[in-house]
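The values are calculated or read from the model by the stated rules, or taken from the named source; none is laboratory data. Since the structure is predicted, the reported quantities are computational estimates derived from the model, not experimental observations. Note that each Cβ is placed from the backbone with ideal geometry, even for glycine, and that neighbours are counted across all protein chains shown. Surface accessibility is based on the protein's heavy atoms, side chains included, excluding ligands, DNA and RNA. Shrake-Rupley method; radii C 1.70, N 1.55, O 1.52, S 1.80 Å.
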Amino acid sequence: MPAYTAHPADTAPAYAAHKDDVLKRLRRIEGQVRGLQRMVEEGTYCIDVLTQVSAATKALQSFGLAMLEDHLHSCVADAVAEGGDRARDKVEEASRAIARMVRS
């Protein structure tokens, strides 16, 4: 199935109003990953590295869920209010994104 193409009404991403917070959160996750690199460079005990891998993974999952929530509450909700093919497409697109997140 082809990827969703942005509708003209989709002028800004759902997170646009709080983009700085989103970027701050991503920078924190980036710091966690850099910390993992540093731990490996320093020869940190495997279990300690794995503990940090788990923390970084949870941070990314939480970030993904927040992005999904933004998308559902704005892009999908707007499309549903509009109705028609766009609504169906947005719901289907969100369903596929949820399925990818659940499988990962």
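Applying the condition of being open to solvent by 40 Å² or more (accessible area, probe 1.4 Å) and small (Gly, Ala, Ser) to the stretch 56-80 and asking which residue is nearest to Ala16 (Cα to Cα) yields Ala77. The set of residues in the stretch 13-32 that are surrounded by 14 or more Cβ atoms within 10 Å (Cβ to Cβ) and part of a helix (DSSP H, G or I) comprises Ala14, Tyr15, Val22, Arg25, Ile29, Gln32.
Close Cβ contacts (under 8 Å, 6 or more residues apart or on different chains) running from residues in the stretch 26-44 that are farther than 14 Å from Gly64 by Cα and aliphatic (A, V, I, L, M) to residues that are open to solvent by less than 40 Å² (accessible area, probe 1.4 Å) and part of a helix (DSSP H, G or I) comprise Val33/Ala56; Leu36/Val49; Leu36/Ala56; Met39/Val49; Val40/Val49.
Checked against the criteria, Ser54 does not count as closer than 30 Å to Arg86 by Cα, modelled with pLDDT of 95 or more and hydroxyl-bearing (Ser, Thr, Tyr).
Cβ-Cβ contacts under 6 Å between residues 6 or more apart (or on different chains), taken from a first residue in the stretch 90-104 that is surrounded by 10 or more Cβ atoms within 10 Å (Cβ to Cβ) and among the hydroxyl-bearing types (Ser, Thr, Tyr) to a second residue that is assigned to a helix (DSSP H, G or I) and modelled with pLDDT of 95 or more, are absent. Checked against the criterion of being more than 19 Å from Pro13 (Cα to Cα), surrounded by 12 or more Cβ atoms within 10 Å (Cβ to Cβ) and of a type outside the set (A, V, I, L, M, F, W, C), the candidates Gly35, Gly43, Gly83 yield just one match: Gly35.
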